[in-house]
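Shown next, in structure tokens, is the structure this report addresses.
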Amino acid sequence: MRNALSSLLVLVLLALPGAAAAAPPPDLVVVIGHDPELVLPATLLAHRSGAPLLLVDPDRPELAAAFIARLKARAPRLFATPDSSRAEPGIVAKMLGLPATLAPEPAAASIEPGTTGYLVERGDLEAALAATHAAGRTGGFVGFVAPGKPAASHPAFLPTSTVVVGRLARRTAPFLDSQAERLVVDPASLLATLPSDPRAMGQRRLVLANPEDTRGHFSPPHLSLLAPLVALQQGAELHLVDADPATTAALARPPAGSKTPVADTVTLVADILGIEQREIDDPDDRHQGRKRVRRFALPNLVGLGPTTTDDPEAIAPAEIAVGRLAALDVHDLSLQLARQRASEGGRWPRSGRALMMANVDLKFRLGEAISRASVKELEAAGFRVDAHYGPAVEEARKAGALAGHDLIVWEGHPRDLGVDGHLGLRDELLDARLVVLQGCYTLERNDAYVLGALGAESVLGTSMPVYSASGSALAKVFLDAQLQQGIGAGEALVHARNYTLAYLRLKAKRGQDEWRKTWRAALAFDLWGDPTTRPLARAGEDHPPAIRLERQGDRLSFVLPPERHPEVETEAYSVSIHPGGQLGSLIGKLRSDPEGPRRVQEVYFGWVSLPEQATPPRLETGLDDRDWAMVWAPARRRLYLLVHSDAQAAPSFRLLR
């Protein structure tokens with residue numbers, strides 16, 4: 001599936017800086033198929049113009065066509081070749097509502113002086129991915145040379161500064177003239193020479209992909225083709241890795257004493273075969289001495305180890321904001337990323353609506369009470385919430401309730417929410433920026449893939465069994481952190497995991513031996529989406545203040561809002577919390593109010609940065625030891641505090657020097 005060199009140059013040169021003068025900047029870049037020689041130049045054009053990049057499967061273009069129609073692009077640019085699909089591109093372009101003709105080839109003079117050309121051999125995908133990322137960072141372009149041909153066969157490029165990447169470099173040196181500046185044999189060496197992107201703002205952001213996902217005989221997903229685009233959009237380092245999770249861990253968390261810091265954010269552009277997970281024994285099964293100990297897949301870079309300890313204080317915190325960009329194939333993933341790009345640019349307006357579906361099987365009453373408290377937080381943030389509980393959930397699902405919501409939350413036993421036909425969603429795009437699937441093993445079903453294919457930008461799910469109270473509590477912190485702190489999904493999950501760690505430590509202090517079940521919830525959740533994005537934003541301006549932890553010198557104090565949310569009551573439980581108050585499995589009357597009602601007990605949770613603190617902080621407080629717990633994240637120099645509502649009205653601490 002290759003064109004003559006002259007035809008290919010049309011496609012490559014479209015991504016040149018000088019080519020922009022020949023046509024207005026595109027507001028949508030579309031590729032039919034997933035040929036790297038189309039996708040990678042299109043990546044550069046999309047990056048430079050800020051336009052969404054959409055790869056269309058010619059065998060199922062309906063959802064792509066729906067996206068294009070809804071986006072109303074005025075200046076789309078199409079990348080296609082006559083043999084880029086079994087269907088003629090003109091037919092597919094007509095289905096997409098796009099013009100079928102390519103932009104005319106620009107003159108060689110349109111190449112700006114000093115532009116760097118990165119040359120790679122066709123089929124050398126690692127070199128092509130590295131070259132595309134480098135070209136995007138330096139304002140260069142990418143050229144492809146037929147196997148066995150020297151770089152001199154690209155005369156249009158040689159007058160520029162030329163970098164030859166990958167296996168092509170090993171047989172090109174004798175043919176290069178004096179204007180060639182350097183050769184790079186190893187793609188990793190090229191990536192390592194790139195300076196930090198200033199948009200990272202002091203953070204260390206990594207994008208990891210495995211080029212092997214484009215090879216194989218059984219439906220290779222080709223997700224790594226989009227890794228350069230993701231890295232360029234995030235201002236991140238790009239690393240091409242193998243499937244071994246140890247490789248990923250070594251890049252993100254260098255050994256102690258290394259001058260390379262722990263990564264702040266890691267995005268895996270790979271499914272669970274492209275970059276694998278490791279397995280762990282269920283810590284609760286091991287503690288109970290069961291003969292058959294269950295084993296679970298552990299999300300990458302979750303922290304919270306070692307998973308065999310009996311000391312809650314020995315469990316490490318979560319510190320890396322990590323997300324996995326996974327999909328059935330690269331076409332589906334491109335739709336998710338294009339949706340995200342359109343959302344960030346205001347071209348996919350928010351509906352301001354959220355959908356809560358909880359406790360359909362009527363077995364998780366405590367989880368439902370926490371879910372209802374989450375609804376109060378969403379309503380306070382300005383969302384119009386459609387909430388369904390118990391049998392009403394099934395009726396809502398059958399009526400197609402998923403459509404039209406920015407946020408979808410499912411809490412309970414897993415269901416195939418997005419099965420074609422069952423919900424009337426076939427070939428219909430979802431509006432969801434975030435889907436939370438809070439239940440057991442929700443990432444081992446079809447939902448994450450199907451919902452992603454329908455356009456959901458991010459999915460939070462689980463790889464282990466989760467108790468409803470622990471899972472619903474973690475999900476509430478995850479949502480609250482985004483709504484009240486304005487942070488991204490990856491950071492919100494870090495905070496939610498550390499909340500769960502603090503909560504299990506509190507439970508252990510209070511003599512509850514089943515804290516390992518809570519630990520499992522902290523280990524189970526994984527974000528399938530871009531961790532740098534902010535899928536949730538307040539839908540309104542009028543909102544009450546939330547609980548916060550403030551620092552003044554060596555004093556740390558919780559500030560409680562004057563008002564509480566309206567009380568939530570279910571058949572079995574009642575909940576009364578402040579905005580930003582958190583919950584879990586502690587139930588009963590408070591010591592401080594023995595005559596009061598029996599409730600799900602509120603806890604206060606917050607965090608502060610201590611950039612000057614190189615060692616774990618010591619705290620002094622008048623609180624009973626069983627009423628508070630802390631988590632220290634050394635790589636981020638961040639202190640998390642959790643206080644039970646049995647403590648005094650305005651709990652405070654003093655940092656000891």
(message) Just to be sure I understand, how many residues within region 189-221 are aliphatic (A, V, I, L, M), open to solvent by less than 60 Å² (accessible area, probe 1.4 Å), at pLDDT below 95 and farther than 15 Å from residue 138 by Cβ?
(response) 1
(request) Take region 631-657 and flag every residue that is within 21 Å of residue 577 (Cα to Cα) and in a strand (DSSP E or B). (result) 640, 641, 642, 643, 644, 652
(message) Of everything in region 117-137, what is closer than 23 Å to residue 235 by Cα and out of contact with any strand residue (DSSP E or B) (no Cβ under 8 Å at 6 or more places or on another chain)? Give them in sequence order.
(response) 125, 136, 137
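Does region 569-587 include one or more residues that are assigned to a loop (DSSP other than H, G, I, E, B), open to solvent by 30 Å² or more (accessible area, probe 1.4 Å), within 23 Å of residue 478 (Cβ to Cβ) and β-branched (Val, Ile, Thr)?
Yes, there is a match, as at least one residue in region 569-587 is assigned to a loop (DSSP other than H, G, I, E, B), open to solvent by 30 Å² or more (accessible area, probe 1.4 Å), within 23 Å of residue 478 (Cβ to Cβ) and β-branched (Val, Ile, Thr).
Here's the yes/no breakdown for (1) aromatic (Phe, Trp, Tyr); (2) touching a residue at least 12 places away in the same chain (Cβ under 8 Å); (3) under 30 Å from residue 239 (Cβ atoms):
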residue	(1), (2), (3)
292	no, no, no
312	no, yes, no
333	no, yes, yes
360	no, yes, no
(message) Here's a check for you: in region 397-416, which residue that is at pLDDT below 80 and more than 16 Å from residue 437 (Cα to Cα) is least open to solvent (accessible area, probe 1.4 Å)?
(response) 400
(request) Identify, from the list 556, 527, 536, 549, the residue that is open to solvent by less than 30 Å² (accessible area, probe 1.4 Å), more than 30 Å from residue 282 (Cβ to Cβ), in contact with a helix residue (DSSP H, G or I) (Cβ under 9 Å, 6 or more places away or on another chain) and not in a helix (DSSP H, G or I). (result) 536
(request) Kindly indicate which of 419, 459 is more than 22 Å from the chain's Cα centre (by Cα) and either aliphatic (A, V, I, L, M) or at pLDDT 95 or above (or both). (result) 419
(request) Could you tell me which numbered condition residue 362 fails, if it satisfies all but one of (1) closer than 27 Å to residue 566 by Cβ; (2) open to solvent by less than 20 Å² (accessible area, probe 1.4 Å)? (result) (2)
(request) Being assigned to a helix (DSSP H, G or I) and open to solvent by 10 Å² or more (accessible area, probe 1.4 Å) is the filter; apply it to region 127-144 and report the residue that is nearest to residue 214 (Cα to Cα). (result) 136
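Take residue 247 and decide whether it is at pLDDT 95 or above, over 21 Å from residue 335 (Cα atoms) and surrounded by 22 or more Cβ atoms within 10 Å (Cβ to Cβ). Walk me through how you get there before you give the answer.
Values: at pLDDT 95 or above: yes; over 21 Å from residue 335 (Cα atoms): yes; surrounded by 22 or more Cβ atoms within 10 Å (Cβ to Cβ): no.
For residue 247, the condition - at pLDDT 95 or above, over 21 Å from residue 335 (Cα atoms) and surrounded by 22 or more Cβ atoms within 10 Å (Cβ to Cβ) - is not met.
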(message) What pairs come out if I take residues in region 517-528 that are without any contact (Cβ under 8 Å) to a residue 12 or more places away in the chain and pair them with residues that are crowded, with 24+ Cβ neighbours inside 10 Å whose C-beta lies under 6 Å away, six or more apart or interchain?
(response) none
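Kindly indicate whether residue 341 is closer than 14 Å to residue 431 by Cα, open to solvent by 30 Å² or more (accessible area, probe 1.4 Å) and assigned to a helix (DSSP H, G or I). Show your work before the answer.
Working: closer than 14 Å to residue 431 by Cα: yes; open to solvent by 30 Å² or more (accessible area, probe 1.4 Å): yes; assigned to a helix (DSSP H, G or I): yes.
It is true that residue 341 is closer than 14 Å to residue 431 by Cα, open to solvent by 30 Å² or more (accessible area, probe 1.4 Å) and assigned to a helix (DSSP H, G or I).
Tell me which residues, restricted to region 589-634, are in contact with an Asp or Glu (Cβ under 6 Å, 6 or more places away or on another chain), open to solvent by less than 40 Å² (accessible area, probe 1.4 Å) and among the hydrophobic types (A, V, I, L, M, F, W, C).
Step one: filter region 589-634 for residues in contact with an Asp or Glu (Cβ under 6 Å, 6 or more places away or on another chain), giving 590-592, 627, 633.
After this cut, where a residue has to be open to solvent by less than 40 Å² (accessible area, probe 1.4 Å) as well, the list is 627, 633.
Within region 589-634, 633 is the sole residue that qualifies.
Does residue 378 satisfy being out of contact with any Cys (no Cβ under 6 Å at 6 or more places or on another chain) and either open to solvent by 20 Å² or more (accessible area, probe 1.4 Å) or farther than 24 Å from residue 68 by Cα (or both)? Can you show your working first?
Numbers: out of contact with any Cys (no Cβ under 6 Å at 6 or more places or on another chain): yes; either open to solvent by 20 Å² or more (accessible area, probe 1.4 Å) or farther than 24 Å from residue 68 by Cα (or both): yes.
So residue 378 fits the description; yes.
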(request) Mind telling me which of the residues 114, 123 ends up being at positive phi and modelled with pLDDT of 90 or more? (result) 123
(message) I'm checking my understanding of the structure. Among residues of region 282-335 that are in a loop (DSSP other than H, G, I, E, B) and of a type in the set (Val, Ile, Thr), which one is surrounded by the fewest Cβ atoms within 10 Å (Cβ to Cβ)?
(response) 308
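The values are calculated or read from the model by the stated rules, or taken from the named source; none is laboratory data. No experiment lies behind these values; they were computed from the predicted model shown. A quick note on method: Cβ atoms are made from the backbone with ideal geometry, for glycine too, and the neighbour counts reach across all protein chains shown. Side chains included, ligands, DNA and RNA excluded: accessible areas come from the protein's heavy atoms. Shrake-Rupley method; radii C 1.70, N 1.55, O 1.52, S 1.80 Å.
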